[in-house]
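Here the structure is laid out as structure tokens; the discussion comes afterwards.
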Amino acid sequence: MSIKLFCLLGFMLINKFSNGQAHLFTNTVKGIVTDADSKQPMTGVTISLAGSNKNTISDSTGNFKLTEVPIGTQTFKFSGTGYETRVYQGIEVSSGKEVFLEATLIEKITRLNEIILNGNKKDNNALNEFASASARSFSLDDAKKYPITGFDPGRIVQNFAGVTITEDNSNAIVIRGNSPKGILWKLDGIEIPNPNHFGSTGSGGGNISMLSSSTLDKSDFYSGAFPAEFGNALSGVFDLRLRKGNKDKHEYSLMVGALGIEAAMEGPLSKKSSSSYLVNYRYSTFALVKGVAEIEGVAPDYQDVSFKVLLPTKKAGSFSIFGLAGINKSLQEPQQIDFALGGPFGPLFSAHEKGKVGVAGISHQIFLNRKSYIQTILAATADSYINNVDSLDAHNNYSRGAVGRTKFLNIAYKLSGTYNNKINSRNTIQAGITISSLTYNFNDRQFNPGTQVYDNIFDSRGNSIFYEGFAQWKWKLKSRVDIIPGVHYSILSLNHTKSIEPRISISYNTLNNQKFIVAAGLHSRPEHLSTYFFRNLKNNEPAASQDLKFAKAAHIVVGYHKKFRSILFKVEAYYQYLYDIAIEKNNAGFFSMINALSVYDLYDLDSALISTGTGKNYGLDITLEKPLLKNWHFLITGSVLKSYYSIYNGKEFPTKLDRGYQVTAITGKEWDLHQNEKRKFAINGKIVTAGGMRESPVDQSQSRLQGKVVYIKDQYYSKQTSPYFRADIGVSYKINLRTSTHTLMLDIQNIFNHKNIARTTYNLQSNQFSNEYGLGLFPLINYRVDF
């Protein structure tokens, strides 16, 4: 569909909804106020709209409602007796949907009748009160301000300090030089499989998230030294939360774009019980933009659904039922030109891939008293991957012959319990345990033309149990000093490997909006279960062992935060030492799991794996950020890093993911085109530059002699491609009507059509190198209506 057709469709729908109305439009802002540490609802908190005399007070359940709030970008202040004042800036109020705010207030410390403040909480700080370093929150508002996010949480955080990109068509993220496979994904408090469409087995990313950020509540992202409650992670954590549906009225959203459709609905199940539901469904196919958005010759499609049902009770606590399901498939067939070229250039292949992810859970929270609560979660998760590859014989009427058959299945049943107790204004403790029952079935057969039979790379099925436990303590030592010690424990029954991980953070808040932070801790992650059963076809023996240890990383972070009025400056220096890393047991080999992006990187192994590898990452992350105030905003982040790994013979080399640096600059401006902000035009721009991808130089003479690609010894990943550069732009036009909001959005990626090298390939037969490039200029247009 053309851009003109989308615009015409949008304006036709806008005219249908408008009916020629011209009014001062308002909407309702409501939410709940809780104590940051105890999570108890707070009564008597004053909520006021900045620049007006409009205010309200939270009721006995912590709920509040502020009616007739003018549409536009607003600021709200929350003030409670004995608590620090909290200000929420840049809150967008539109006519199509009511705004729901979950505010948390920090209790002031009282000493000898003197009230001492702990400092003002910054808007982008993590929601988790046990987090101090390398953590921040993000929301749907960030998706609107940053071009080319596609409402994808993975692409949102690619703009943050410490995160470097992989490829233009991927939402996988590299955190401080670590592989994306070291990321922990959590949804509503429970670990979930990689929630990305077209993600490889054992990877941490894909092409696009199965979770639209429009269904997410404000969530946390961690880039290192995370609190003790998070285990099974080496590099970072996505702590995602589905938002609650509107408990007072039914609301709907519809978005139509070049890649498909998205529809959502929410509302009350029973107004008497304050129960609610939220459902979001997406269907998308790249076939609509075939030739523009193909991914390496593949035209994929996908669909997903996510939901949350909230069921509060008067005496038995609050229940919520949540879930996620996604399916994606792609069919790759050789093009006509390939058939014309025929066999002289080798065999032709077709591939049919299908991936599925499912999550379903029930969560229960009950307050034992005014200071403590227990949260229990029971969930089931599953993910599967099927790939059938066939050869097409160009010399025999392109007859089809099976080359490979792959089927991976993981099923997990999880039970989690967390106890939280705010002992007093100075002390809060938290402890929890999670038990995961893991069922797996891995089968991968590759046809051997020499023996004319299938060789099994994977052929294992069985069960294992993964145990995790943690305890942490938040201690406000003095008026402005927070000390948070903790410990995490995990054990995998598959090989009885265990890890005990102490962690601690210390933060000091000054009276002039400055904050100093030191955090350190040990973190670990077992390999994907399929790794323990991988068989090497080159010597017909297991290449991995069930004796592999957990990969471990010791993190230390030193940070400084300063707020200059509305502008926040952050700088963090970090050092990470990785050990017990699975590497190739071969003096001539250079494989390390540090460089692996998925389990398929194991396929080229020459020898077995052993847990003796090490690595290190160190660098500096800088952030300068201004929220959307007075109709403009900016975010500037810069990262410099060095990343190394060692191989079996002890030699050290740069890692594959060490780009060296990345700088991202985003800014945007909004204009009110009509009285009372009924119409708004916005433009957002982004520039990102980074070091090139790292590659190993090819030894051409040895490659031709041995009939396979051979790299120059001891120069692994020493070569870097040309620097990465991309400029994106996003424009939107919004119209607020009495009961609906209509938005036309156009995002253009790589507006200068700069050719960024994704990888360099070497052809043995032609003895030539060729570059594969990322996406060039790529437009995306969407029309969205909220009503």
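Could you derive backbone 3J(HN,Hα) for the range 234-239 from the dihedral phi with the Karplus parameters 6.51, -1.76 and 1.60 (θ = phi - 60°), listing whole Hz in sequence and x where the residue is Gly or Pro?
9, 10, x, 9, 9, 9
In debye, nearest 20, what is the charge dipole magnitude of the range 404-466 about its Cα centre with +1 on Lys and Arg Cβ and -1 on Asp and Glu Cβ, if you could check?
Around 360 debye, computed over the range 404-466.
Under 16 Å from the 7 Å Cα→Cβ point of residue 586, by amide nitrogen: which residues of the range 634-648?
Those under the cut-off are 647-648.
What do you reckon, how do 319, 226 stack up by accessible area (1.4 Å probe), largest on top?
Solvent-accessible surface, decreasing: 319, 226.
Using alpha carbon centroids, what distance separates the range 453-504 and the range 358-419, in Å?
20
Would you mind calculating the gained length between residue 369 and residue 569 on full extension (0.36 nm times residue separation, minus the Cα-Cα distance), in nm to one decimal?
68.1 nm
Give the shape of the range 635-781 as rounded, prolate or oblate, defined through the alpha-carbon gyration tensor: a ≥ b ≥ c are the square roots of its eigenvalues, a/c under 1.5 means rounded, and otherwise the shape is prolate if a/b is larger than b/c and oblate if not.
Prolate.
Report the extension gain between residue 725 and residue 640 in nm, rounded to one decimal, defined as 0.36 nm multiplied by the number of residues separating them, less their alpha carbon distance.
29.0 nm
How high is the FRET efficiency from residue 314 to residue 380, r the C-beta distance, R0 35 Å, rounded to 0.05?
So the FRET efficiency works out to roughly 0.75.
Using the alpha carbons of the range 398-515, what is the convex hull volume per residue in cubic angstrom, as a whole number?
198
Please enumerate, by chain and number, the lysines with C-alpha under 18 Å from the C-alpha of residue 755, excluding those fewer than 8 residues away in the same chain.
Qualifying lysines at Cα under 18 Å: 686.
Which of these values of Cα extents along the principal axes in Å was calculated from the structure shown: (i) 86, 80, 61; (ii) 153, 69, 53; (iii) 81, 61, 45?
Calculated Cα extents along the principal axes in Å: the matching label is (iii).
Taking θ as phi - 60°, what are the ³J(HN,Hα) couplings along the range 496-510 by the Karplus curve (6.51, -1.76, 1.60), each to the nearest whole Hz, with x for Gly and Pro?
Those phi angles translate into 6, 7, 9, 8, 10, 10, x, 8, 7, 9, 10, 10, 10, 9, 8 Hz.
Quickly rank 265-278, 659-672 as a protection proxy: mean count of other C-beta atoms within 10 Å, highest first.
659-672, 265-278
Residue by residue, what Karplus-based ³J(HN,Hα) values in Hz, rounded to whole numbers, does the range 607-618 have, using 6.51, -1.76 and 1.60 with θ = phi - 60° and x for Gly and Pro?
9, 6, 9, 9, 8, 10, x, 9, x, 8, 10, 8
Would any residue of the range 603-634 have its amide N under 20 Å from a label point 7 Å out along Cα→Cβ of residue 699? List them or say none.
Within reach of a label on residue 699: 604-608.
Can you tell me how much longer the chain between residue 65 and residue 773 gets when fully stretched, taken as 0.36 nm per residue apart minus their C-alpha distance, in nm with one decimal?
249.7 nm
Just the accessible area for residue 498, please: 1.4 Å probe, Å², rounded to the nearest 10?
For residue 498, solvent-accessible area is about 120 Å².
Could you give the dipole magnitude of the chain about its Cα centre, charging the beta-carbon of Lys and Arg +1 and that of Asp and Glu -1, in debye to the nearest 20?
Here the chain has a charge dipole of around 2380 debye.
With a 1.4 Å probe and all protein chains kept in place, how much accessible area does residue 155 have, in Å² rounded to the nearest 10?
Accessible area, nearest 10 Å²: 40 Å².
If DNA, RNA and ligands are ignored and the probe is 1.4 Å, what is the ranking of 137, 718 by accessible area, most exposed first?
718, 137
Across the range 523-667, how many lysine pairs, 8 or more positions apart or on different chains, have C-alpha atoms separated by under 14 Å? Please give the number.
Qualifying lysine pairs in the range 523-667: 10.
Hey, if you put +1 on the Cβ of every Lys and Arg and -1 on every Asp and Glu Cβ in the chain, which of 475, 406, 327 ends up farthest toward the positive end of that dipole?
475
With the other protein chains left in place, how much accessible area per residue, in square angstrom, belongs to the chain at a 1.4 angstrom probe?
42
Based on the Cβ-Cβ distance from residue 399 to residue 604, what FRET efficiency comes out when R0 is 22 Å, to the nearest 0.05?
After rounding, the FRET efficiency stands at 0.15.
In whole percent, and with a 1.4 Å probe on the protein chains, what portion of the accessible area of the range 613-735 is carbon and sulfur?
The computed percentage sits at 57.
222 nm [θ] for the chain, helices only, -39500 (n - 2.57) per DSSP H run of 4+, per residue, to 500?
Roughly -1500 deg cm²/dmol at 222 nm, from the helical runs in the chain.
What accessible surface, in Å², does a 1.4 Å probe find on residue 693, ignoring ligands, DNA and RNA and rounding to the nearest 10?
Looks like 30 Å² after rounding.
Let me spell out the model: positive unit charges on the Cβ of Lys and Arg, negative unit charges on the Cβ of Asp and Glu, origin at the Cα centre of the range 395-551. What dipole size does that give, in debye rounded to 20?
For the range 395-551, the charge dipole is close to 700 debye.
For the pair residue 441 and residue 352, how long in nm is the line joining their label points, each one 7 Å along Cα→Cβ?
Computed distance between label sites residue 441 and residue 352 equals 1.9 nm.
Where the centroid of each part is defined by its Cα atoms, how far is the range 42-115 from the range 153-225 in Å?
31
May I ask you to derive the FRET efficiency for residue 461 and residue 249 from their Cβ-Cβ distance with R0 = 41 Å, giving the value to the nearest 0.05?
The calculated FRET efficiency here is 0.25.
The values are calculated or read from the model by the stated rules, or taken from the named source; none is laboratory data. Small disclaimer: the values here were computed from a predicted structure and weren't measured. All Cβ positions, glycine included, derive from the backbone under ideal geometry; neighbour counts span all protein chains shown. Just the protein is used for accessible areas: all its heavy atoms, side chains included, with ligands, DNA and RNA removed. Shrake-Rupley method; radii C 1.70, N 1.55, O 1.52, S 1.80 Å.
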